[in-house]
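Worksheet for the structure shown next.
The values are calculated or read from the model by the stated rules, or taken from the named source; none is laboratory data. Model, not experiment: these values are computed from the prediction. Cβ atoms come from the backbone with ideal geometry, glycine included; neighbour counts cover every protein chain shown. Surface accessibility is based on the protein's heavy atoms, side chains included, excluding ligands, DNA and RNA. Shrake-Rupley method; radii C 1.70, N 1.55, O 1.52, S 1.80 Å.
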Amino acid sequence: MRVVFINHHLFQDGDTYGLIYALVLNRALAVDALRIGLFWINDDLYQPGVLGASQEVQDYTRKVQTRLGYFESFGQLGPQLVLARCRFRDNVDVVEYEGGDNELIITANREMFKSNPRLVSLFLTGEENDPSLWLKSLDAQLDSLVKVDPATLAYAAGVLGFSLAKPLSRKDHERLRDYLKAHSGYAEDSLRFLVRSLGPRTREAFKTLVGWTFSLGDEAEVQFAYISKSTDYVRQCITARGFAVVADALRRAVLHCTRDYADANQLFLRQFMTDLLGRKDPVTRMGLREGEAPEPIILLFWIRGAKKDEASAILGDYERDDSGKAPSPGKPQHHTNVTLYKQVRHMVKALSTETKVPILFVPIGDELVEDFGSTVADASRTAALSKTALEHAALVLGISLSKRLTAEEYKRLSMYLNKHYGYSEEDVGTLLNLRSGFKKGVKDHNLIKFFEREPFKGRPMGAQINFLLQLASQHRVIQVGMRSGSMERLMYLGVPTLYFDRTKSLPDLPNPVGASRIKQLCLFEGDSFTELMDYFMRCDAAMNTANPIKGYPLFFQIENRDTGFLKYSSISENRINKMIEKLAEHHLRDYNQLKQKVVQKGFLSSDQFNELRRQMLTLGGLEDAEEQKMLFMLWFTMSVYPRYATLLGTASSSRPSATMPASSSFQFRFDEHRAIRASEIAAKRSERAQKKGQGGSSTASTTTTSTASSSSGGGGGSAVAVVVPPPPADYQVGDLIRVDYMVAYDVVGRITGIDNNLVTMRIERCFRPNTMTEYTEGDARVIVNTSMSWYKNQILRREG
């Protein structure tokens, strides 16, 4: 039996859900070896229940207990999660360890391991992110400290009656030291380390201890793995069983483990939907008659903001502590800014208008706050003006300062401030300039900081995921936002997801970290718009078959570059006026205000400024190519949502399904692409038939006709000229055929059975699409020698 322990650390907050879901799937589906989480903590700082503890101890203990609460919420606290409690002392040579009740007690040298559990984990398991340099250095350092020659050591061990082939116990180590001290000329300080290869020996002994502690048996093969292997395991389960089975297993487990929160969450969900529809009623907004409005799409836009210390580090407005250490900027490229928020909101509105499908845009997560700076001179800031007075007046009058004031609101504020504070109208204008900025905060009709509301406040993470899953199960939800653990929670459960992340290395930015871990779950792996349209065709066809889909079909990544703080990102590659570049690089507040005034307030709305506006938006939003791809990803997701929900087995609504109009530009573009591909396939078949001397047969002919060519358009596409492929051939058992298998490759195998229009084949080899280049990566290795069924019209051709 093989058992894999996956290392986990407190700082890996965003990776927690991947590990939890891997443990859930391991128990539910039993694919491959047993998986167990190994949570490494500093036991000197983890002191639950200790009175009078320092603030550092209290903060660390709270963080560990919160993390343990994550696992407990999903029923994974117990045998599925082992605590590795690290203690740091000066009187330990390297490390000592012993087993406990579902835990490991490890004592390590304080100076050698810098009181860092991750370094202990690296030394004992050898499995961390890029561990080679530090581990090799430490192993070499330990070998260099051995002063006793091997012959003398072997003789002493023989006299004392024990073997050096296996690691020495602490007792045997002391006996050996005492013997050498009495019977050799070595000084006492030369006897601290006695054997070479201490690192590898210790790691092997640690494996043995782990296997013994958890009663895994003598035949058990213990392995350790980095946290990214949890996502690899989810991918492995999807390859073996298909995404729908994996998502269903996770949903069932989540609902079971969090059932205690279901009733309170359902009440919150009903009230939230009432508030949301009251604010954004699709019947009123889209001019539809009662009962005719299709079920709306709820688009959750996740806002990921910078913590206070991260913002200070990025903007440079911090004071170094005594150690001279600066705060960490975190991952600024993952922070949402106002430009991206407004760009996506505008895209969604345009998509809803063209498709005539209501899309309810719901901000969720952190508050979105951006300070655009001031338009007044620094000298005016010394005036006896109080921003507190302005905020108080706005609160009393019920006026929001996060958006442009109407004339009526401005008049009411001026009158109030004049009466109660004696401010003139000019003073009020100055105050408003000082208050220039944007804030998207908590409202009844959004989910910003929903985790701080009842019934979630003070409750474990399970309460939140139960609510989110209920929302996604009862409504058509799509989520969009920066890559984050919060979005991963629903993505693993099958909720259609579009996320922003930079996956490519650029010379002027730090290399992306963790981008490949989550992207491996995206079934679409291409970059170009043409590749995306090809993917839509294959994905559309796959949803009409009974074959398991080997990836999350509606999980997409959008490449971003500068959606974080502009000071973090270089803009040297953007073709823009050097003055604006200098402002963006050296005067962030001034540039943000300029961007707000010029772009976000619509001051460049004239067509003659389109290019300038596009360039400025690019600095904080998406480039044109990514915006176009994102729009089509959203459209396609909306198009296939009814069939996708059927695959997942989610509850259907009594309201009519969202039907895409045949006249939309999205449908026309998709139909056009489909027609081009059909023409190419027909031409290749004709060419192949001619080479075989069958150029005049019916199988080589093509027919042009006007047809509704798209099955994904929820009711057919527009009437366009397309080339209809030749009718299915008269296939027989034993024929060698080639079939499109989703996006990554074609499969080739022999027919083993035919049932009317359904053909069953045993897969023998995989090739890259429309080539003879064999494909042996990823799940291609798994599906070879398995059987799958296809409709005859999905078969590309006979082979050979």
Given the C-alpha centroids of the range 235-263 and the range 89-126, what is the distance between them in whole angstrom?
36
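If Lys and Arg each add +1 and Asp and Glu each add -1, what is the summed charge of the other residues whose beta carbon sits under 10 Å from the beta carbon of P553?
So the environment of P553 carries a net charge of +1.
Roughly how large, in nm² to one decimal, is the mean projection of the convex hull of the alpha-carbon atoms in the range 735-798? If you can, show how the numbers build up before the last one.
On the way: hull surface 15.3 nm².
Taking the Cα atoms of the range 735-798, their convex hull projects to 3.8 nm² on average.
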If we sort 476-483, 272-279, 195-202 on the protection proxy, mean other Cβ atoms within 10 Å, highest first, what's the order?
476-483, 195-202, 272-279
The long-range amide H neighbours of F88, using H built 1.01 Å from N in the peptide plane and a cut-off of under 5 Å, are D44, A108
Summing +1 for each Lys or Arg and -1 for each Asp or Glu, what net charge is found among the other residues whose Cβ lies under 14 Å from the Cβ of R110?
-3
Determine by what factor the alpha-carbon radius of gyration of the range 1-62 differs from 2.2 N^0.38 Å, reporting the quotient.
1.46
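Tell me the net charge near A33. Cut-off is 14 Å between Cβ atoms, A33 excluded, with +1 for each Lys or Arg and -1 for each Asp or Glu. Please report the intermediate quantities before stating the final value.
Working: positive: R2, R27, R35, K229; negative: D32, E219, E221, D232.
Charge balance near A33 sits at 0.
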For the range 1-134: Kirkwood Rh in Å [reciprocal of mean 1/r, alpha carbons]:
15.8
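With the Cα gyration tensor of the range 175-254 in hand, convert its eigenvalues to equivalent ellipsoid semi-axes via √(5λ) and list them largest first in whole Å. All intermediate terms of the calculation are to be shown ahead of the outcome.
Values: eigenvalues 478, 37, 19 Å².
Semi-axes (√(5λ), whole Å): 49, 14, 10.
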Of all the accessible heavy-atom surface of the range 735-774, with the other protein chains kept in place and a 1.4 Å probe, what percent is carbon and sulfur?
45
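Would you mind checking the pairs K342/K440; K349/K411; K280/K519; K519/K550; K63/K207; K114/K504 and listing those with alpha carbons more than 22 angstrom apart?
Numbers: K342/K440 11 Å; K349/K411 31 Å; K280/K519 34 Å; K519/K550 14 Å; K63/K207 28 Å; K114/K504 33 Å.
Correct reply: K349/K411; K280/K519; K63/K207; K114/K504.
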In square angstrom, what is the accessible area per residue of the range 26-180 with a 1.4 angstrom probe?
50
If you plug each phi of the range 213-223 into the Karplus form 6.51 cos²θ - 1.76 cosθ + 1.60 with θ = phi - 60°, what whole-Hz ³J(HN,Hα) values come out, in order, with x for Gly and Pro?
4, 9, 6, 7, x, 5, 8, 5, 9, 8, 10
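Hey, can you find the accessible area per residue of the range 735-798 for me, probe 1.4 Å, expressed in square angstrom?
Values: 3080 Å² over 64 residues.
Per-residue value: 48 Å².
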